[in-house]
Amino acid sequence: MIKVLVAEDMHIVRGALVALLRLESDIEVVAECATGDEILPAAVASAPDVAVIDIDLPRKDGLTAAAEIRERLPSCRTLILTSMGSPGTLRRALSARVNGFLLKDAPADRLANAIRGVVAGRRMIDGELALAAWDSADCPLTARELEVLQLAADGAELAEIATRLFLSAGTVRNYLRSIVTKLGARNRIDAIRIARESGCL
């Protein structure tokens, strides 16, 4: 039996995911979470084989929670669900070393198959998204620069970015300067726009 944790903040969506997974004879849902900060404690308590995590959760994003699981419970696989199907989002997920990445509008049976795949040690990536990433131009930003820019795009101020990434304010300022330069942007807002349009974010 494959033990699964489901993390999704929208109650109806989470309920539907759990109901679908309970139809599978080899899958057992052992924990449910509505916020990102609930995931690690729930995973430690329930020891799932796979954590199915929405990328965009309140109080802690899904990729951060997945990284925490990888560090504390390396035997637990992580499968990210997203409605944001940009190549940049896939790059962020891969840089976070998740085991799978699936669009929320994928057919229902694909989720169960992706769970089985990551348990078997395979990396499960949505095919259409993988092709889009393959075809897109290489992003000039490093993984750390993408983290900084994503937080800025989410509305975080310099001090908050520094705190969340365990960096000094000066280092964050340097990253933002580098990002603006690499993207040929006028300022931080323009850099966010360029990164989104090019699929980096």
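Taken together, the values in this text are just the output of simple stated rules run on the coordinates, not laboratory data. The structure displayed is predicted, hence computed values, not measured ones. Every residue, glycine among them, receives a Cβ derived from its backbone with ideal geometry; neighbour counts consider all protein chains shown.
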Any aspartates and glutamates whose Cα falls less than 12 Å from that of LYS3, other than same-chain ones fewer than 8 residues away, would be GLU24, ASP26, GLU28, GLU32, ASP49
Rounded to a whole number, the Stokes-Einstein D of segment 143-198 in µm²/s (Kirkwood radius over Cα pairs; 37 °C; 0.692 mPa s) is 300 µm²/s
Per-residue ellipticity at 222 nm attributable to helices in the chain (runs of n ≥ 4 DSSP H, -39500 (n - 2.57) apiece, nearest 500 deg cm²/dmol) works out to -15500 deg cm²/dmol
Cysteines of the chain without any disulfide-compatible partner (other Cys Cβ under 4.7 Å) are CYS33, CYS76
Taking 0.36 nm per residue of separation between LYS182 and VAL18 and subtracting their Cα-Cα distance, the length gained on full extension comes to 54.7 nm
Scaled by the rule-of-thumb 2.2 N^0.38 Å, the alpha carbon Rg for segment 2-135 gives a ratio of 0.94
Once normalised by the length of the chain, the mean sequence separation of its alpha carbon contacts under 8 Å that are 6 or more apart gives a contact order in percent of 16 percent
Once normalised by the length of segment 143-198, the mean sequence separation of its alpha carbon contacts under 8 Å that are 6 or more apart gives a contact order in percent of 28 percent
Among ALA96, THR78, ALA108, the residue whose Cα sits farthest towards the positive end of the charge dipole of the chain (+1 at Cβ of Lys and Arg, -1 at Cβ of Asp and Glu, taken about the Cα centre) is ALA96
